[in-house]
Amino acid sequence: MDWVMAATWGAVGGAAMEAVDIIKAVKWHRKMPWDVQSDTVDPPQRRADVRPGEEQLPAPGRLAYCVAGLLRVLLSGALTGAVAATFSQSTNPFVAFLIGLGSLTAVQQAATLVPLMVKSAGRAALGGVVGEAQQQAQALQQLGAEPGLSQMNGAQPDTQMGITSEYPQQEIGVVPQQHPSGGGGPA
């Protein structure tokens, strides 16, 4: 199946999910969802994510629901088309429809994971830089670098990484403690 046909089936899946949401809203409120006032959605309990005064907001209207529905259909088609372009051999109309049904949830979950992936990639890149520096230092030691260079200006050689430091060596993991009264603690 080509990606255009898969995107079409995915858009149909997104439209079906939007229809299910409208049906649930009509059953719950007994009117169309764009006519529902925000204070009637959950009146007995106040949610933490609602700011003061938001309970009295007007109904969103048809235009807001049309835009939201159109965006969901476009998102479903785009995600399904991307999956079909990547895995063209294993995509059929049923799979494309299912991807369209779950595309909004998949994008929401992926959006929550992106900061974690970026942070993890940054750490991996930093680990690669440190590893490269260690390899360069070991290569310099193997080449027989001049021993006087590391002792310049009273610097202490760092035996683990082969890097010199002008600051006194401090044992890692030992943090100076301050007494709760502010007068200092054991040295």
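The values are calculated or read from the model by the stated rules, or taken from the named source; none is laboratory data. All of these numbers come straight from a predicted model, not from anything done at the bench. Virtual Cβ from ideal backbone geometry, glycine too; neighbours counted across all protein chains shown. Areas reflect the complete protein model, heavy atoms only, side chains present, ligands, DNA and RNA absent. Shrake-Rupley method; radii C 1.70, N 1.55, O 1.52, S 1.80 Å.
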- Message: Checking the condition at pLDDT 85 or above, more than 22 Å from Ala111 (Cα to Cα) and in a helix (DSSP H, G or I), which residue from Leu74, Leu70, Leu63, Leu79 passes?
- Response: Leu63
- Query: In region 83-96, is there at least one residue being modelled with pLDDT of 90 or more, small (Gly, Ala, Ser), touching a Gly at 6+ places or on another chain (Cβ under 7 Å) and under 18 Å from Glu18 (Cα atoms)?
  - Reply: yes
- Can you spot a residue in region 28-50 that is modelled with pLDDT under 95 and closer than 18 Å to Ile99 by Cα? no
- Quick check, is Val174 modelled with pLDDT under 60, within 40 Å of the chain's Cα centre (by Cα) and either of a type outside the set (D, E, K, R) or not in a helix (DSSP H, G or I) (or both)? yes
- Item | Boolean, Gln134 is farther than 15 Å from Ala16 by Cα, open to solvent by 70 Å² or more (accessible area, probe 1.4 Å) and either of a type outside the set (Phe, Trp, Tyr) or assigned to a helix (DSSP H, G or I) (or both) | no
